[in-house]
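Heads up: the structure comes next, in structure tokens.
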Amino acid sequence: MSNSLEPKPVSAPQLLADRFGLDVDALEATLGTALARRADFADLFFEHRAVHSLSLEEQLVKKAGQHVVQGVGVRVLAGEKTGYAFSDDVSSDSLRLAAENARAIASEASSSRAVDLRRATPRPSRDLYAVDSAALLPPLAERAALLSRIDREARAVDSRICNVMASIGVEERLVLIANSEGELVADRQPLVRLSITCLAEDGGRREQGTTGGGGRVAFSFLAGDEERAIRFAREAARQAIVNLDAEEAPAGEMTVVLGPGWPGVLLHEAVGHGLEGDFNRKGTSAFAKLMGERVASELCTVVDDGTIASRRGSLNVDDEGTPTQRNVLIEKGRLCGYLQDRLNARLMGVPATGNGRRESFMHYPLPRMTNTFMLAGEDAPEDILRSVDRGLYAVSFGGGQVDITNGRFVFSASEAYLIEGGKVGRPVKGATLIGNGPEVLKRISRVGSDLALDEGIGTCGKDGQSVPVGVGLPTLRIDGITVGGTQA
């Protein structure tokens, strides 16, 4: 990655000329082409992404990768139709051809019009991640040394740690969005992620622990004075040893306590996707047509906030150029908002919420989450655990899936413990939580005061697109979830 990539703020006209070799006249001409057959809206999404990766396995730094992706996507909206075309060539001729193809797919609705970008705001009004390029990507030797230390520290936790797999990913994304409403916005979006998996083996049994962290931060966030990377290494090793010593989980309906932080991934999947605008406009979400209705315990307030500084899911502007914001989705149990991109907001007659997101210039935007979490309550976490005579304490989760149409979900707990007589007891493995998102929200009986956001590892998939997100949760007590266990 070149350190010549300028730090914030990013000037849209300068980025357009320096990185993509175009001027405002070219964008106005392309948008005019896209609108020539009576479309409602058109936009251009330019992207330059430089990605660096480094990984370690079996005590060796084995792989180093570097690639650059650049291109432009042209979108045309007409009624409910979306026409989309993209090109990795950002010349004027390629722009014109992409605009013609997108226009041909969606060619109806209101009258055409000229586009004037010269009065556009040149850059976002805030900077949630002030990281320059040099701080983002230190020398290769420094990153390799950190991976080697992670390996040593993880193995030192227990002699049963037999392998450590760790990777560092660093990317710098430059985006520029121009649309038929005369808006022209640019942004520079840094991102760092560390992933660590430790394998533990004993008597032919093998288990693993996984953790990591990062965000829109400098590399020093991982390797600085606080040494987060070493803490993550020890945590991954600890999880692996806990799972190695765990017994098979029981099955049946029981009280479940969710720990703070990463268990918010269950909220993200089981509830968050159901609150995205497209599913509700089409009537396919379990939350469709329930605006203003009670959909959860009155203890529950759920928020999606893309404005938290340096968080993995945060952005100055979304991938349509709309500033991100704090959106309250459920307030004291009542449904009060959906997550909207421009298309679904226009069709539903509501404002866009800054949640139009896309994986790259090769994809059109969809309503997606940013950082989604439940607000803290008033209960002490230890009091919540003491209130449970017999149940399951789920501290971390692995994979899961949800059916948006009815809210049914299945999630596997990667670290869990039995609760016996109000105390956290034996670790168990193979526990799977099975339930219905809206129903589970109604069964929340206690909410802890210990809200925590995840460390910065979340990636969300939808319609074949993956984007970085954040999740969070305080300790919760849920009165009755079906637990699928492996105990005979």
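Each reported figure results from applying straightforward, stated rules to the coordinates on display, with no laboratory input. Treat the numbers as computed from the prediction; the structure is a model and nothing was measured. Positions of Cβ are generated from backbone atoms using ideal geometry, with glycine treated the same way; all protein chains shown enter the neighbour counts.
Let me check I've understood the local charge: for Thr475, count other residues with C-beta under 14 angstrom from its C-beta, Lys and Arg +1, Asp and Glu -1. What total comes out? Kindly include the intermediate steps, with their values, before the conclusion.
Details: positive: Arg386, Arg446, Arg477; negative: Glu378, Asp379, Glu382, Asp383, Asp450.
Cβ neighbours under 14 Å give a net charge of -2.
Return one number: the angle in degrees, 0 to 90 and rounded to the nearest 10, between the long axis of the Cα atoms of helix 92-105 and the longest principal axis of the Cα atoms of the chain.
Long axis of 92-105 versus the principal axis of the chain: about 70 degrees.
Quick one: work out Rg over Rh on the C-alpha atoms of region 383-440, Rh as Kirkwood radius.
On the way: Rg = 12.8 Å, Rh = 12.3 Å.
The Rg/Rh ratio comes out at 1.04.
Please compute the modelled spin-label separation between Met291 and Ala141, points set 7 Å along Cα→Cβ, answer in nm with one decimal.
So the two model labels end up 6.0 nm from each other.
Which distance in nm do the two modelled labels at Lys282 and Arg38 give, with both placed 7 Å along the Cα-to-Cβ direction?
Those two pseudo-labels are separated by 2.7 nm.
Which distance in nm do the two modelled labels at Ser107 and Val69 give, with both placed 7 Å along the Cα-to-Cβ direction?
3.0 nm
Under Stokes-Einstein, with the Kirkwood radius over Cα pairs standing in for Rh, what whole-number D in µm²/s applies to region 252-484 at 10 °C and 1.306 mPa s? Could the numbers behind the result be given before it?
Working: Rh = 17.6 Å.
My calculation gives 90 µm²/s for D.
For the chain, which semi-axes, largest first and in whole Å, follow from the square roots of 5 times the eigenvalues of its Cα gyration tensor? Show your work: numbers first, answer last.
Numbers: eigenvalues 339, 170, 59 Å².
Whole-Å semi-axes of the equivalent ellipsoid: 41, 29, 17.
By how many degrees, 0 to 90 and rounded to 10, does the Cα axis of helix 140-157 deviate from the longest principal axis of the chain?
20 degrees
What angle, in degrees between 0 and 90 and rounded to the nearest 10, separates the Cα long axis of helix 228-244 from the longest principal axis of the Cα atoms of the chain?
With both axes taken from Cα atoms, the answer is about 50 degrees.
Given 5 Å bins starting at zero, what is the percent of C-alpha pairs of region 12-244 in each, up to the one with the largest pair distance?
Percent of Cα pairs in each bin: 1, 7, 13, 13, 12, 10, 9, 8, 8, 8, 6, 4, 2, 1, 0.
What FRET efficiency comes out for the pair Arg126/Lys62, r = Cβ-Cβ distance, R0 = 35 Å, nearest 0.05? Don't jump to the answer; show the numbers that get you there.
Values: r = 40 Å, r/R0 = 1.14.
In this case the efficiency is close to 0.30.
Once R0 is set to 30 Å, what does the formula 1/(1 + (r/R0)^6) return for the Cβ-Cβ distance between Arg386 and Ser220, expressed as a FRET efficiency to the nearest 0.05?
According to the calculation, E is roughly 0.15.
Give me Arg326, Arg49 ranked fewest to most by other Cβ atoms within 10 Å of their Cβ, as a rough exposure proxy.
Arg326, Arg49
At 0.36 nm per residue, minus the direct Cα-Cα distance, what do Val424 and Arg231 gain on full extension? Give it in nm, one decimal, please. Walk me through the numbers before you get to the answer.
On the way: separation 193, 0.36 × 193 = 69.48 nm, distance 2.30 nm.
Computed gain between Val424 and Arg231 is 67.2 nm.
What FRET efficiency would be calculated for the residue pair Asp463, Gln325, taking the C-beta separation as r and a Förster radius of 22 Å, to the nearest 0.05? Before the final figure, lay out the partial values.
Numbers: r = 23 Å, r/R0 = 1.06.
Between Asp463 and Gln325 the formula returns 0.40.
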